[in-house]
Every structure is written in C-alpha cells, then in structure tokens.
Amino acid sequence: MKIIDNILLDLKIISQLKVGNKLYRNYNNLLGIQEYERFISIKRYLFGDSRYRAIEDIQRVIEFAIEKCQSILDSIYYNKSCKSVIDNPFIKQKYDTEYNIRKNYLISLHTELKNSIIGINNLKETYKTDINIVSKIDLILADIENFVEQIGKEL
C-alpha cells in the first residue's frame with residue numbers, strides 16, 4: 001500500500017506548515033515546506049510554484065486521502081458481515097489480517113487528516129489577504145472536518 005504511505009507522508013508535511021511557510025513540490029514530486037527567505041517569491045516564480053498550485057496540491061492530497069478511506073470502508077475485508085459466513089479457519093485468519101491492515105491504515109489516515117487541519121489553518125493565516133485562497137482553504141477545511149467526523153463514527 002505504497003500509495004497510502006505517500007498520502008500519509010504528504011499529510012504529515014501539510015500538518016507541519018507554520019504561519020509564513022510556503023508549500024511546494026520538489027523535483028521528486030514530493031511536498032516540501034519553504035520557510036521565509038529573501039527572494040523566495042522570485043525562486044517560487046522561477047520554479048512554477050505559487051499559492052494556487054499549493055492549494056491545488058493540498059486539495060488533491062485531501063481528496064485522495066478521503067477516496068482511499070472510502071475504498072477501505074467499502075472493501076470486502078472491512079465488511080464485518082462477510083466474516084460471519086467464512087467457515088475455513090485459514091481464510092478467516094487471512095480475512096482478519098487484511099481487516100487489521102486496513103483498519104490501521106484507516107486510523108492513520110484519520111489521524112493525519114485531523115492533524116493536517118492545523119497546518120492548513122496556518123497556511124490560511126499566511127494568505128489571509130487573498131480572499132480567493134482563503135475561500136478555497138475554507139472549503140478544503142470543511143471537507144476534512146466533515147469527513148473526519150464521519151470516519152470517527154466508523155472507528
């Protein structure tokens with residue numbers, strides 16, 4: 001489940017954003033944090049980074065995390081009623097193993113989605129004078145908060 005590990009890494013990075021930090025994608029296509037430095041706006045311009053791209057990256061990560069959580073919840077291994085019809089002990093053990101793997105990923109995604117709210121709020125403070133960015137961030141935060149609440153009921 002390398003994809004989920006990458007999502008978790010991106011969420012952890014997003015959660016570490018502090019007021020004044022900027023988010024960017026490096027040459028390996030991984031998220032990174034830029035702290036304030038002189039000429040940062042020129043550097044970001046030259047590398048094609050912008051606040052709009054950062055918001056798109058965050059939105060993409062959040063949507064992908066929510067999509068992965070939903071696919072785990074919808075998977076046959078997470079469906080408890082399927083387990084009751086399994087008679088074979090080997091298959092039942094395999095089912096339990098798969099269930100536990102998915103539940104652990106779900107818990108991790110839930111935790112990192114919750115933690116990302118802090119970093120996203122800090123980014124919102126960084127761009128507080130840009131009403132378009134703040135509005136997009138508010139929509140992203142609402143999506144996260146709604147989903148975190150929903151998934152919390154499943155755990």
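Taken together, the values in this text are just the output of simple stated rules run on the coordinates, not laboratory data. It should be emphasised that the depicted structure is a prediction, and the values quoted were computed from it without experimental measurement. Glycine also receives a Cβ, built like all others from the backbone with ideal geometry; neighbour counts cover every protein chain displayed.
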Discussion item. Suppose we filter region 133-155 for residues that are surrounded by fewer than 18 Cβ atoms within 10 Å (Cβ to Cβ), under 15 Å from Ile58 (Cα atoms), touching a residue at least 12 places away in the same chain (Cβ under 8 Å) and of a type outside the set (D, E, K, R); how many remain?
Written reply: 1
Worksheet item: Scanning region 123-132 for residues that are surrounded by fewer than 18 Cβ atoms within 10 Å (Cβ to Cβ) and among the polar types (S, T, N, Q), which turns out farthest from Ala65 (Cα to Cα)?
Response: Thr129
Worksheet item: Which members of region 88-139 meet the condition of being under 15 Å from the mean Cα position of the chain (by Cα) and among the basic types (Lys, Arg)?
Response: Lys114
